[in-house]
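The values are calculated or read from the model by the stated rules, or taken from the named source; none is laboratory data. Keep in mind it's a predicted model, so treat the numbers as computed, not measured. When we count neighbours, we look across all protein chains shown, and the Cβ atoms used for this are built from the backbone with ideal geometry, even at glycine. Side chains are part of the model used for accessible areas, which takes the heavy atoms of the whole protein and leaves out ligands, DNA and RNA. Shrake-Rupley method; radii C 1.70, N 1.55, O 1.52, S 1.80 Å.
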Amino acid sequence: MHSEYQHLIDLSDYPVSWWKKVVELGEEIRNDPSKFAHECDGKVMATLFYEPSTRTQMSFQTAMIRLGGKIIGFDNPANSSVSKGETIKDTTKIVSNYADVLVMRHPIAGASKAASLTADCPVINAGDGGHLHPTQTLTDLLTLKIEKKTLSGLTVGMCGDLINGRTVHSLCKALSMFSNNKFIFISTPELRMPAYIKDIIKANGSTFEEVNTLEEAIGSLDVLYMTRIQQERFASKEEYLAQKNTYVLDRKKMQLAKPDMIVMHPLPRVDEITVDVDDDKRAMYFTQAKYGVFVRMALILTILREKKSSETLKGKVYSGVRCSNPRCITNHEEYLPKSFLSSGDETLLECEYCDERKLI
Ligand code: NCD
């Protein structure tokens, strides 16, 4: 299936050279934002946020305003026709005729991809459930480029809710495309990185190990990426409470880290980094959030300038087969065409919306 518009649903839909170009433009904008102040005069961006957000939504809005454009949208679907039962297809079809670019966050995996099938303007995925968060990854790449001066040869620790953290999924996919990056996944057995991400890392020639404690990894890291335990993605409160407070980065643990290690976090923080770490010069999370505006300016500009078409669905429909992930958009919006990819072995299918695997 094709769309005549250029969407950003997953960074893997683009070559690495494209991401580099966006990040480099982000750096150029950071160095002199005033040069870009009228690039989007007369343009409108819609932000459709079906799930709470502070940084992603406001940094996108700030980005468009700083480019000279205007913004429309909602941050509480209860105030829109979504509350009357309107489908993603109808809402995005309408709004994409009002705006030049649409930014969407949704609690269900694959929602932005679903929107991109029928929208009449480019769609940017601002987070789809526990699945992906490509624009946080662009923010993270810009942060690494500026603060570590490289995107290669890094030992990156990722800590916390690795199963539900869309930020770490997208970041692993991206960093494994650069040479000699090594990942150390720090989590409880229940919150390990999904198998499909680990397979992508291996296929890209990067390596990873899995450990249970921060102490055993922190001394070897160049980057420590902390994440929040995602309460809203657990099946029950009890399961969340069993994981809460497992990992807390404090000043004592920071003493075990290299003097040039940086601490990143997509934020919001709950209690996984103590407030006294904020004064450590290696704490980079607030700077990281600031860089998000520049890279989103670069992304909006790139998409509005390039105006390429996109291949929205590449997979096949298998008769009677549906995705087994209850949090996949195809199980919430029935009109969507099901679509699966197979890696040669036709008995193992991967849902193209949420990456859930299924044996048939
Ligand atoms: C993250 C998200 O929404 O996935 N935050 C963000 O976009 N900056 C991480 C989180 O909510 O924990």
| What figure in square angstrom, to the nearest 10, would you give for the accessible area of residue 112 with a 1.4 Å probe? | 0 Å²
| field | Relative contact order %, the stretch 1-116, counting alpha carbon pairs below 8 Å whose residues are six or more apart | value | 30 percent
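Using a probe radius of 1.4 Å on heavy atoms only, what accessible surface per residue do you get for the chain? Whole Å² is fine. Let's see the in-between values first.
Details: 15080 Å² over 360 residues.
Result: 42 Å² of accessible area for each residue.
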| message | Could you tell me which residue out of 236, 193, 53 lies farthest along the dipole of the chain toward its positive end? Charges go on the beta carbon: Lys and Arg +1, Asp and Glu -1, centred on the Cα centre. | response | 53
| field | Calculated from backbone phi, Karplus (6.51, -1.76, 1.60) coupling profile of the stretch 136-144 in Hz, x at Gly/Pro | value | 5, 5, 4, 4, 5, 5, 5, 4, 5
| In the stretch 1-94, the GluC sites (Glu not before Pro) that fall in loop regions by DSSP, at most 15 other Cβ within 10 Å | 4, 86
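Taking the chain, how much of its Cα-Cα pair set, in percent, is spaced more than 37 angstrom apart? Write out the running numbers ahead of the final one.
Values: 10438 of 64620 pairs.
Roughly 16 percent, once rounded to a whole number.
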| said: Once you keep just the Cα pairs under 8 angstrom separated by 6 or more residues, what percentage relative contact order results for the stretch 134-289? | reply: 23 percent
| query | For the chain, what % of the accessible area comes from carbon and sulfur atoms, probe 1.4 Å? | reply | 51 percent
| task | Take the Cα radius of gyration of the stretch 118-247 and divide it by 2.2 N^0.38 Å, with N its residue count; two decimals is plenty. | result | 1.07
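For Cα pairs less than 8 Å apart in space and 6+ apart in sequence, what is the mean separation divided by the residue count of the chain, i.e. the relative contact order in percent? Each step should come with its number before you reach the end.
Details: 708 pairs, mean separation 70.0, N = 360.
It comes to 19 percent, rounded to a whole number.
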| request: Output the pairs from 20/290; 148/198; 253/290; 173/316; 182/338 with a Cα-Cα distance over 29 Å in this structure; if there are none, say none. | output: 182/338
| message | With unit charges on the beta carbons (Lys and Arg positive, Asp and Glu negative) and the dipole taken about the Cα centre of the stretch 316-359, which residue among 323, 354, 342 sits farthest to the positive side? | response | 323
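Note down the magnitude of the dipole of the chain about its Cα centre, charges +1 on Lys and Arg C-beta and -1 on Asp and Glu C-beta and zero elsewhere, to the nearest 20 debye. Numbers along the way, then the final one.
Details: 45 positive and 47 negative charges, 94 e Å.
Here the chain has a charge dipole of around 460 debye.
Multiplying the sequence separation of residue 89 and residue 21 by 0.36 nm and subtracting their Cα-Cα distance, what value in nm do you get? The partial results should precede the final answer.
Details: separation 68, 0.36 × 68 = 24.48 nm, distance 3.12 nm.
Between residue 89 and residue 21, full extension yields an extra 21.4 nm.
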| field | Rounded Å value of the spacing that divides the Cα centres of the stretch 31-55 and the stretch 301-357 | value | 28 Å
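Note the full-extension length gain between residue 238 and residue 316 as 0.36 nm times their separation in residues minus their Cα-Cα distance, in nm to one decimal. Please report the intermediate quantities before stating the final value.
Numbers: separation 78, 0.36 × 78 = 28.08 nm, distance 3.89 nm.
Full extension of this stretch gives 24.2 nm more.
Nearest 0.05, what FRET efficiency do residue 31 and residue 251 give at R0 = 25 Å with Cβ-Cβ as r? Don't skip to the answer; put the middle values down first.
Working: r = 33 Å, r/R0 = 1.33.
Approximately 0.15, to the nearest 0.05.
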| request: Have a look at 156, 246, 99 and report the one farthest towards the positive end of the charge dipole of the chain, computed about the Cα centre with Cβ charges (Lys/Arg +1, Asp/Glu -1). | output: 99
| field | Estimated [θ] at 222 nm from DSSP helical runs (n ≥ 4, -39500 (n - 2.57)) normalised by residues in the chain, nearest 500 | value | -9500 deg cm²/dmol
| Isolated Cys in the chain, by beta carbon distance under 4.7 Å | 40, 121, 159, 172
| note | Sorted by chain and number, the residues with a modelled amide H under 5 Å from that of residue 210, at a separation of 5 or more or across chains, are 185
